[in-house]
Amino acid sequence: MKKFNIQNELKQIIENKKLIELDINGIEDLIYGYFLKANEEYLALAVINSNGMLVGITMCRMEDVNLISTESNFINEMAKLVDRDNVYAQVLKEIENIIEFTFIGFASYLQDTKTVAAVTRNNQENIEGRIVGFDENFMVVDEYAAGKDKKVARTYFPFDDITRISIGSTLLKATSRYLAENNL
């Protein structure tokens, strides 16, 4: 009997660039995309919408994953809409400087950049802003809202409360552009 190992399975999904369906705690809808990196604690993926377009990059904790599906009829049909090589080219460029695929690694990469991220706490609250600091226990985010001419808040919270960090969505990019155009 062949011994099952989830890390080996995830490695095969990544190497074969398989489109996946993912159910994460606290998210009503299923997420579709391509795994970029996976380890025992974290999972990074390029998120794809139902039209086959890249909508961002998300990192979550493996413990929050309820289900991973590949090769279903729906996924196979959806895969026909995706320009897989273009998706990978876009996301690999975006994440090329991330050294460690953990929440701390993501924070290190994003700290003091102009990139606006969405940090989800306890599968409920989204904090959108720029990561401006962190240590081994806490993250600091300057919160911004689209169209606001100033920072909404500076928020401190423990890494243990984070369930997901996302970048690259249309809204987050628009907020980043707005802040840059207004020298914020």
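At-a-glance table
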read-out: Criterion: farther than 20 Å from ALA107 by Cα, of a type outside the set (Ser, Thr, Tyr) and surrounded by fewer than 15 Cβ atoms within 10 Å (Cβ to Cβ) - qualifying residue of LYS150, LYS173; value: LYS150
read-out: Residue list for region 102-120, restricted to those being at pLDDT 90 or above and either charged (D, E, K, R) or in a loop (DSSP other than H, G, I, E, B) (or both); value: THR102, GLN111, THR115, VAL116
read-out: Residue in region 15-47 that is farthest from ALA89 (Cα to Cα), counting only those that are at pLDDT 95 or above and of a type in the set (Val, Ile, Thr); value: ILE20
read-out: Residues that are out of contact with any Gly (no Cβ under 8 Å at 6 or more places or on another chain) and surrounded by 11 or more Cβ atoms within 10 Å (Cβ to Cβ), drawn from region 51-62; value: GLY52, MET53, MET59, CYS60, ARG61, MET62
read-out: TYR42 vs. criteria more than 22 Å from MET139 (Cβ to Cβ) and touching a residue at least 12 places away in the same chain (Cβ under 8 Å); value: no
read-out: Top-ranked residue in region 1-50 [being farther than 15 Å from MET62 by Cα and small (Gly, Ala, Ser); ranked as nearest to the chain's Cα centre (by Cα)]; value: ALA46
read-out: Residue within region 147-156 that is of a type in the set (A, V, I, L, M, F, W, C) and farther than 26 Å from TYR88 by Cβ present; value: yes
read-out: Unmet requirement for ASN51, which otherwise passes all of (1) in contact with a Leu (Cβ under 8 Å, 6 or more places away or on another chain); (2) modelled with pLDDT of 90 or more; (3) more than 29 Å from PHE157 (Cβ to Cβ); value: (2)
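For (1) under 22 Å from GLY26 (Cβ atoms); (2) touching a residue at least 24 places away in the same chain (Cβ under 8 Å); (3) surrounded by 15 or more Cβ atoms within 10 Å (Cβ to Cβ); (4) not small (Gly, Ala, Ser), each residue gets a yes or a no:
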{"site": "ALA118", "(1), (2), (3), (4)": "yes, yes, yes, no"}
{"site": "GLN124", "(1), (2), (3), (4)": "yes, yes, no, yes"}
{"site": "GLU143", "(1), (2), (3), (4)": "yes, no, yes, yes"}
{"site": "PHE157", "(1), (2), (3), (4)": "yes, yes, yes, yes"}
{"site": "ASP160", "(1), (2), (3), (4)": "yes, no, no, yes"}
{"site": "LEU179", "(1), (2), (3), (4)": "no, yes, yes, yes"}
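The values are calculated or read from the model by the stated rules, or taken from the named source; none is laboratory data. None of the values given here were measured: they were computed from a predicted structure. Heads up, the Cβs are rebuilt from the backbone with ideal geometry, glycines too, and the neighbour counts pull from every protein chain shown.
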